[in-house]
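Rule-based calculations on the coordinates, nothing more; no lab input. Everything numeric here is computed off the predicted structure, so don't read it as measured data. Every residue, glycine among them, receives a Cβ derived from its backbone with ideal geometry; neighbour counts consider all protein chains shown.
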Amino acid sequence: MTSSYALTLDPGLRDLRAADHLLQALAAELDLPEGAFGCTHLVRGDRPRVALSLALPSEPLLRTAGERLTARGYAVTPGAPDTVGRAVIYPGVAALTGRLAVAEVPARSAIDRVTVLGAPGRPAPDTPLLTRDHVRPQWQEGELVLTAMPAVGGALVPFEVPDPTPCCADH
């Protein structure tokens with residue numbers, strides 16, 4: 001994350017889906033502006049969990065968000081917990097639905113580039129991307145990067161699936 005106006009809250013969540021929902025609910029409640037970013041961060045160690053960060057376009061917006069979150073009982077700390085957050089809220093996320101050409105992704109959103117898992121180079125700009133309405137890029141060396149994987153018919157899909165099957169679901 002590149003914003004100097006960032007804060008972190010650690011709601012003690014253990015799964016990404018719950019963290020996504022909380023982040024989206026907080027963004028709606030705080031009425032975050034278009035230039036805001038909301039990310040999840042995996043915290044390892046004795047108590048693995050998912051922390052949330054918000055990056056806002058100005059210090060007054062950051063201060064207001066921090067005050068409102070603190071008033072709701074969240075422990076808020078300045079800055080982001082790391083530089084590799086998984087973006088849930090970012091400029092243009094609402095425009096990444098359905099079927100798009102790879103070139104449309106950076107044109108419509110804050111995503112800098114699309115890569116294909118295990119493939120060298122970038123996909124062709126006209127390669128179809130089937131978003132499944134679930135596009136979660138990650139920060140990598142200051143760029144917001146969407147990792148995709150091959151799908152049927154030469155298309156790509158985001159690597160992260162919208163409804164993952166829990167481990168050992170068939171047991």
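Here are a few things to note about the model shown:
- Estimated inter-spin distance, A151 and L117, nm [label 7 Å along Cα→Cβ]: 1.3 nm
- All other residues whose Cβ lies under 10 angstrom from that of E29 are scored, Lys and Arg at +1 and Asp and Glu at -1, for a net of +1.
- Top of L52, L156, L144 by mean-square fluctuation, Gaussian network on the chain, Cα under 10 Å: L156
- Across region 82-161, Cα pairs under 8 Å and at least six residues apart give a relative contact order of 33 percent.
- Extension gain for H21 to A75 (0.36 nm times residue separation, less C-alpha to C-alpha distance): 17.6 nm.
- Per-pair calculated FRET efficiency, R0 = 22 Å: D82 and S58 via Cβ, rounded to 0.05: 0.45
- Helical content of the chain, expressed as a calculated mean residue ellipticity at 222 nm, amounts to -6000 deg cm²/dmol (DSSP H runs of 4 or more residues, -39,500 (n - 2.57) each, divided by residue number, nearest 500).
- For region 1-98, the equivalent ellipsoid derived from the Cα gyration tensor has semi-axes of 19, 17, 13 Å, listed largest first.
- Net charge over other residues, Cβ less than 12 angstrom from the Cβ of V84 (K, R count +1; D, E count -1): -2
- Compared with the dominant Cα axis of the chain, that is its longest principal axis, helix 16-30 is turned about 60°.
- Backbone HN-Hα couplings from phi across region 61-77 [Karplus 6.51/-1.76/1.60, Hz, Gly and Pro as x]: 5, 5, 4, 4, 4, x, 5, 5, 5, 5, 4, 7, x, 7, 7, 10, 10
- The modelled label-to-label distance for the pair R47/L130, using points 7 Å beyond Cα in the direction of Cβ, is 4.2 nm.
- Within region 83-171, the percentage of alpha carbon pairs spaced more than 17 angstrom apart rounds to 46%.
- Rough spin-label spacing in nm, given labels placed 7 Å along Cα→Cβ, for E29 and E67: 1.7 nm
- Near W139, once Lys and Arg are set to +1 and Asp and Glu to -1 for all other residues with Cβ below 14 Å from its Cβ, the sum equals -1.
- Short-range pairs are left out: with C-alpha atoms under 8 Å and at least six residues apart, the relative contact order of the chain is 21 percent.
- For the chain, the average shadow cast by the Cα convex hull is 11.3 nm², which is a quarter of the hull's surface.
- Placing +1 on the Cβ of every Lys and Arg and -1 on the Cβ of every Asp and Glu, with no other charges, gives the chain a dipole of roughly 160 debye about its Cα centre.
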